[in-house]
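Participant: After the structure tokens below, expect a handful of questions from me.
The values are calculated or read from the model by the stated rules, or taken from the named source; none is laboratory data. It should be emphasised that the depicted structure is a prediction, and the values quoted were computed from it without experimental measurement. Virtual Cβ from ideal backbone geometry, glycine too; neighbours counted across all protein chains shown. Note: areas computed on protein heavy atoms with side chains; ligands, DNA, RNA excluded. Shrake-Rupley method; radii C 1.70, N 1.55, O 1.52, S 1.80 Å.
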Number of protein chains: 2
Amino acid sequence: MTDYVSGRTLQRAELARRTSCNLETIRYYEKTGMMPDPPRTASGYRIYDDSHISRLRFILRARELGFSVEQIRGLLTLVDDGTQTCAEVKDRTEQHLADVRAKIVDLQRIEKVLAETAAQCSGKDVPECPVLEALTSELP
Amino acid sequence: MTDYVSGRTLQRAELARRTSCNLETIRYYEKTGMMPDPPRTASGYRIYDDSHISRLRFILRARELGFSVEQIRGLLTLVDDGTQTCAEVKDRTEQHLADVRAKIVDLQRIEKVLAETAAQCSGKDVPECPVLEALTSELP
DNA sequence: GCTACAGTCTGTAGCAACTACAGACTCAAG
DNA sequence: CTTGAGTCTGTAGTTGCTACAGACTGTAGC
């Protein structure tokens with residue numbers, strides 16, 4: 001468990017800790033091509049550096065925001081593929097921006113319904129709960 | 001395929017059609033205890049009525065609003081027990097509302113980043129694209 | 001009555017996106 | 001040189017569906 005060149009390289013558990021990512025998820029992201037195959041020690045241990053931390057943080061953040069793995073792979077291709085023109089990158093960025101905005105609209109719609117139904121709620125022990133009624137009634 | 005007592009009973013495909021639910025999903029909800037085991041014809045065909053329609057609509061609606069199956073099971077227990085207080089339902093709804101709002105804030109933050117970086121983009125064929133730099137850097 | 005064919009039944013396999021485990025190996029400390 | 005934690009691999013389980021195979025049922029046409 002040496003092979004540490006300096007404080008700048010880390011192993012899988014340390015990368016997991018620093019990103020609050022599950023240990024196995026790192027391997028999963030590697031298997032599915034989102035994280036690069038990291039260099040290995042002579043005995044086969046993965047070694048990571050700061051670039052892996054930021055890439056993993058990006059992935060986790062995007063996942064948290066509801067991007068699918070496939071979409072994130074798209075975003076990451078922008079990063080990885082240096083042959084793209086700025087115009088292409090802009091296009092794809094704007095497409096993702098549109099996705100994000102659509103998602104916000106969706107969530108705001110949900111927020112509205114939840115807020116309205118919760119507001120109607122008396123909090124008393126009545127059998128007719130407006131929340132349940134709202135959920136069973138026809139969609140807006 | 002008779003056994004129809006009147007226009008008030010329906011089979012699985014009809015229930016699916018009326019709720020825009022996938023046929024197999026109904027069986028899945030039954031298996032996982034969200035939908036009750038329906039009565040059957042002599043030959044084993046499931047038969048449903050209006051109560052099944054509203055329960056299934058409730059489930060689908062709640063799923064659409066982002067409640068997990070586990071959370072919905074919780075809501076349904078409140079309904080089924082009859083002992084539910086409106087306050088309990090309100091609590092759970094507001095908890096979920098808080099989750100949704102947090103998600104919106106997150107998305108608005110990434111929206112800002114994406115919009116700003118896309119706006120900086122010249123669209124020309126320059127190798128140094130500001131979007132790529134923004135994507136790889138730390139998210140605020 | 002008989003056959004064709006749509007609809008239903010069951011169990012099981014697949015999907016995404018993880019998460020957890022078993023069994024073998026490695027490494028640093030005591 | 002043993003112990004114990006950390007790592008490796010492949011594979012199985014999780015959630016919330018969705019799809020399929022193969023058997024059975026029911027109705028309509030002949």
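Participant: I need the phi-derived Karplus couplings for region A:24-39: 6.51 cos²θ - 1.76 cosθ + 1.60, θ = phi - 60°, integer Hz, Gly and Pro marked x.
Facilitator: Once θ is set to phi - 60°, the couplings for region A:24-39 become 6, 5, 4, 5, 4, 5, 5, 4, 8, x, 8, 9, x, 4, x, x Hz.
Participant: Step through the residues of region B:12-23 one at a time and calculate ³J(HN,Hα) from phi using the Karplus curve (6.51 cos²θ - 1.76 cosθ + 1.60, θ = phi - 60°), rounding each to whole Hz and writing x for Gly and Pro.
Facilitator: For region B:12-23, the Karplus curve yields 4, 4, 5, 4, 4, 5, 5, 10, 6, 9, 4, 3 Hz.
Participant: Also, I was wondering about something else. With every protein chain left in place and a probe of 1.4 Å, what is the accessible surface of B:TYR28, to the nearest 10 Å²?
Facilitator: For B:TYR28, the solvent-accessible surface is approximately 100 Å².
Participant: List the distances, in nm to one decimal, from the label point of A:PRO39 to the label points of the same position in every other copy, shortest first, placing each label point 7 Å from Cα along the Cα-to-Cβ direction.
Facilitator: 7.3
Participant: Do any of A:LYS31/B:LYS90; A:LYS90/B:LYS103; A:LYS31/A:LYS90; A:LYS90/A:LYS112 go past 31 Å between their Cα atoms, and which?
Facilitator: Values: A:LYS31/B:LYS90 43 Å; A:LYS90/B:LYS103 25 Å; A:LYS31/A:LYS90 28 Å; A:LYS90/A:LYS112 33 Å.
Pairs exceeding the cut-off: A:LYS31/B:LYS90; A:LYS90/A:LYS112.
Participant: So for region A:1-83, considering every pair of alpha-carbon atoms, how many percent are separated by more than 23 Å? Could the numbers behind the result be given before it?
Facilitator: Numbers: 729 of 3403 pairs.
Of all Cα-Cα pairs in region A:1-83, 21 percent lie more than 23 Å apart.
Participant: Quick one: buried accessible area between A and B, total over both chains, 1.4 angstrom probe, nearest 100 Å²? Spell out each step's value before the answer.
Facilitator: On the way: alone 10210 and 10120 Å², together 15830 Å².
Using a 1.4 Å probe, the pair buries roughly 4500 Å².
Participant: Short version: ³J(HN,Hα) in whole Hz for each residue of region A:45-61, in order, from phi by Karplus 6.51 cos²θ - 1.76 cosθ + 1.60 (θ = phi - 60°), x for Gly and Pro, what are they?
Facilitator: 6, 5, 10, 10, 9, 4, 5, 5, 4, 5, 5, 5, 4, 4, 4, 4, 4
Participant: Hey, got the average number of other protein chain Cβ atoms within 10 angstrom for residues in A:103-114? Write down the numbers at each step before the final one.
Facilitator: Numbers: counts 5, 8, 2, 6, 11, 4, 3, 9, 7, 2, 6, 12.
Partner Cβ neighbours, averaged per residue: 6.
Participant: How far is B:VAL105 from itself in the other copies, in nm, if each label sits 7 Å out from Cα along the Cα-Cβ line, shortest first?
Facilitator: So the distances to the same position in the other copies read 2.5 nm.
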